[in-house]
1. Counting other C-beta atoms within 10 Å, which of ARG57, ARG86, ARG202 has the fewest, and how do the rest follow?
2. For LYS204 and GLN75, compute 0.36 nm times the residue count separating them, minus their Cα-Cα distance, and round to one decimal in nm.
3. Quick one: ILE52, ILE44, fewest Cβ neighbours within 10 Å first, how do they rank?
4. If I model a spin label at ALA114 and ARG43 as a point 7 Å from the Cα along the Cα→Cβ vector, what separation in nanometres do I get?
5. Rounded to the nearest 0.05, what FRET efficiency do HIS164 and TYR137 have when you use their Cβ-Cβ distance and R0 = 30 Å?
6. Give me GLU113, GLU58 ranked fewest to most by other Cβ atoms within 10 Å of their Cβ, as a rough exposure proxy.
7. What length, rounded to one decimal in nm, is gained on full extension from ILE148 through to ALA174, with 0.36 nm per residue of separation minus their alpha-carbon distance?
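Just so it is clear, none of the values below were taken in a lab; they were calculated from the coordinates. Bear in mind the structure is a predicted one, so any value in this text is a computation, not a measurement. As a convention, Cβ positions derive from the backbone with ideal geometry for all residues, glycine included, and neighbour counts pool all protein chains shown.
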Amino acid sequence: MDVHKPKPWHGLREFLKEYVIIVVGVLTALGAEQAVQTLHENRIADEARESIRAEVRENLFWLERRANHQPCVRQQFTEIGQVLDRARHGQPYPTPRQLDRVFHAKLTSVRWEANSQAGRASLFSPVEQRNLGNMYYTTEQYARAQDIEEDVWSKLDAIEGLDHLTPQEIDAFAMLLAEARYQNVAVNLNLMRARQWATVLRLKPENPTVTAVPTGAIAPVACASISAAPDPAADDGFH
């Protein structure tokens, strides 16, 4: 095998020519590597974005289901208040037979947390990260209010079947009713904020078990009176 010794440069011009060739080659290689890396990061970001946005759309579906139950919640507030008011004044009242529990919205943040911890969400723009973060903060605050609300309603259930209320029971149920109203305000506030962030993110509710379902397609709920006989087939809101 012949070994060729490097040829010596003859003058500055030849040196600069070789230098430029080397520099251009290195820069081309680096540019190609950067382009490949950028394409890879864009693909990862797109996959993470679609996963997170799908989770948000599903959360919005459950929130809209809850919003659809609000007329029934308000009706129960009114009826329970009337029962307590009549009992406080010694007047007869229709015996509460069955309280309808508030609808439980099944909210998740698994995909957001997984992509955030893996660093994939950091590939989003700062604006997108902020908007998604605000959406998940809102659903987290909703979930906290929902937990408290469900605990209060579980205690309000004790009024079922009571055809006579003592002054102490009236006061106790009145306090629970006030707490339920307060938590309902918190729930409504976060429902409103979730809708605002959904508009910013250009996302609509999507039924996770079927297909994309627009907000208006969610069927209205028939509200039963708390004094009506229990319906074994009734939807208790926990799914």
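1. Numbers: ARG57 19, ARG86 14, ARG202 8.
Fewest-to-most ranking of ARG57, ARG86, ARG202: ARG202, ARG86, ARG57.
2. Values: separation 129, 0.36 × 129 = 46.44 nm, distance 2.80 nm.
Working it through step by step, the gained length comes to 43.6 nm.
3. On the way: ILE52 25, ILE44 15.
In increasing order of surrounding Cβ atoms, one gets ILE44, ILE52.
4. For the pair ALA114/ARG43, the computed spacing is 1.9 nm.
5. Details: r = 46 Å, r/R0 = 1.53.
The pair HIS164/TYR137 has a calculated efficiency of 0.05.
6. Values: GLU113 14, GLU58 19.
Going from least to most buried by this count: GLU113, GLU58.
7. Numbers: separation 26, 0.36 × 26 = 9.36 nm, distance 1.66 nm.
Once the chain is fully extended between ILE148 and ALA174, it gains 7.7 nm.
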